[in-house]
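Right, one structure below, let's go through it.
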Amino acid sequence: MKKIGITLLLLSIITLTVTAILSANQNSVEYLRIHIRANSNQALDQNVKYQVKNVIVDYLTPIVANCNTKEQMINSINEKKTQLEELANSVLKKAGFNYQSRVLVRNELFPTRVYGDFTLEEGFYDAIIVELGEAKGDNWWCVVYPPLCFTGTENIKYKSKILEIIKSFT
């Protein structure tokens, strides 16, 4: 009877240890999100948000491809804030809007979000925030690092090895 008790205790310890390791691996992944926040939820503001998104994603795609760490990505974005704002402002101006954009990199609390088969739990994340006008409308979001949303541009597909590892545990 003692052997069964010890065996069950050891199995419990092993199970708890493996669970803790898998949980730590998933939580240790560092993400950099991007949020493009519309001026409002009016249809015109929401439509221009997607136009800005397209220009920003096209501009960032080669930058993302050349960054190997989240820190490199943040440094690249900080160096290119002015260019990103100019790109967004040119889209806004061309569409006839009189408000401007602002690009920030900061750590914020975000709710749980789902991107395809991937879920980002609620928590604090570093993010590139592109505010359009008052930024009170719904946002478009994605993960820039690892590059989960920058795919399919000119037959280039960026994969996240980290995401593949995480998925292999589930």
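Listing for the model above:
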read-out: Local electrostatic count, Gly133, Cβ distance below 11 Å [Lys/Arg +1, Asp/Glu -1]; value: +1
read-out: Two-site label geometry, Glu121 and Arg102: point separation in nm, points 7 Å out along Cα→Cβ; value: 3.2
read-out: Counting DSSP beta bridges with both ends in region 24-142, the antiparallel % (nearest 5); value: 75
read-out: Value in Å of the Kirkwood radius, where region 48-133 supplies the Cα pairs that are averaged; value: 14.1
read-out: Residue-span extension gain [Thr112 to Thr82] - 0.36 nm each, minus C-alpha spacing; value: 7.8 nm
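Any read-out appearing in this document is the output of simple, stated calculations on the displayed coordinates, not a laboratory observation. Please read all numbers here as calculations on a predicted model, not as lab measurements. Every residue, glycine among them, receives a Cβ derived from its backbone with ideal geometry; neighbour counts consider all protein chains shown.
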